[in-house]
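**Student:** The structure's right below; bear with me while I get my questions together.
The values are calculated or read from the model by the stated rules, or taken from the named source; none is laboratory data. Computed from a predicted model, the values in this text were never measured in an experiment. With ideal geometry, Cβ positions are generated from the backbone for all residues, glycine too; neighbour counts draw on all protein chains shown.
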Amino acid sequence: MKKLLLLSALLIFACSSDDDNNNDSSSFNLVGTWAGTITDSEDNSEGQVELVLNSDSTGTLTMTWEMDTETSSFSWSSTDTQINLNLDSEPDEPGILYYSVIDQDTMLVGGDEEGDDEFTTMYRQ
């Protein structure tokens, strides 16, 4: 359940596509380690998020809030606008992260296709 909450937190603190973005996401390589900062809207505390997307379609999501760190493993697939996550600990509850390319080392990630939620800027490490 903690793993699902971990994924939910990333989805809540993020947003998605930017129609004005001129970058071609079809040539964008998602594989790699991505990091960003998220803010809890309830108490304005900040946390760190690291998303590792491996070329074998596996990955990890690590979130750190103060001294508490949680890591989830998952398998993933993607389209030009979304990353589909299947958490190892919650196989019946897939997650979708929508993304928008800023440049080859920067993307916006979120859980809302319309971009109504807050967003997280993720940087390639």
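**Student:** Residues Asp117, Asp112: which one is buried (at least 16 other Cβ atoms within 10 Å of the Cβ), under 12 Å from the mean Cα position of the chain (by Cα), at pLDDT below 95 and outside any strand (DSSP E or B)?
**Tutor:** Selected residue: Asp112, the only one of Asp117, Asp112 that is buried (at least 16 other Cβ atoms within 10 Å of the Cβ), under 12 Å from the mean Cα position of the chain (by Cα), at pLDDT below 95 and outside any strand (DSSP E or B).
**Student:** Right, another one. Going by the structure shown, is Trp76 of a type in the set (Phe, Trp, Tyr) and under 12 Å from Leu30 (Cβ atoms)?
**Tutor:** Considered against the rule, which asks whether it is of a type in the set (Phe, Trp, Tyr) and under 12 Å from Leu30 (Cβ atoms), Trp76 comes out as yes.
**Student:** Listed residues Ser73, Ser89, Ser77; which is surrounded by 13 or more Cβ atoms within 10 Å (Cβ to Cβ), over 21 Å from Glu42 (Cβ atoms) and without any contact (Cβ under 8 Å) to a residue 60 or more places away in the chain? Before the answer, list the steps.
**Tutor:** Working: Ser89 fails: without any contact (Cβ under 8 Å) to a residue 60 or more places away in the chain; Ser77 fails: surrounded by 13 or more Cβ atoms within 10 Å (Cβ to Cβ).
Selected residue: Ser73, the only one of Ser73, Ser89, Ser77 that is surrounded by 13 or more Cβ atoms within 10 Å (Cβ to Cβ), over 21 Å from Glu42 (Cβ atoms) and without any contact (Cβ under 8 Å) to a residue 60 or more places away in the chain.
**Student:** Is the stretch 96-109 home to any residue that is buried (at least 20 other Cβ atoms within 10 Å of the Cβ), among the aromatic types (Phe, Trp, Tyr) and modelled with pLDDT under 90?
**Tutor:** Scanning the stretch 96-109 turns up no residue that is buried (at least 20 other Cβ atoms within 10 Å of the Cβ), among the aromatic types (Phe, Trp, Tyr) and modelled with pLDDT under 90.
**Student:** Still on this structure, I have one more. Can you tell me how many residues within the stretch 36-63 are of a type in the set (Ser, Thr, Tyr), surrounded by 13 or more Cβ atoms within 10 Å (Cβ to Cβ) and closer than 14 Å to Thr120 by Cβ? Even if it seems obvious, please write down each step before you answer.
**Tutor:** Let us first name the residues in the stretch 36-63 that are of a type in the set (Ser, Thr, Tyr), namely 37, 39, 41, 45, 55, 57-58, 60, 62.
With surrounded by 13 or more Cβ atoms within 10 Å (Cβ to Cβ) added as a condition, the list becomes 37, 39, 57-58, 60, 62.
Retained after the next criterion (residues that are closer than 14 Å to Thr120 by Cβ): 37, 39, 62.
Within the stretch 36-63, residues that are of a type in the set (Ser, Thr, Tyr), surrounded by 13 or more Cβ atoms within 10 Å (Cβ to Cβ) and closer than 14 Å to Thr120 by Cβ number 3.
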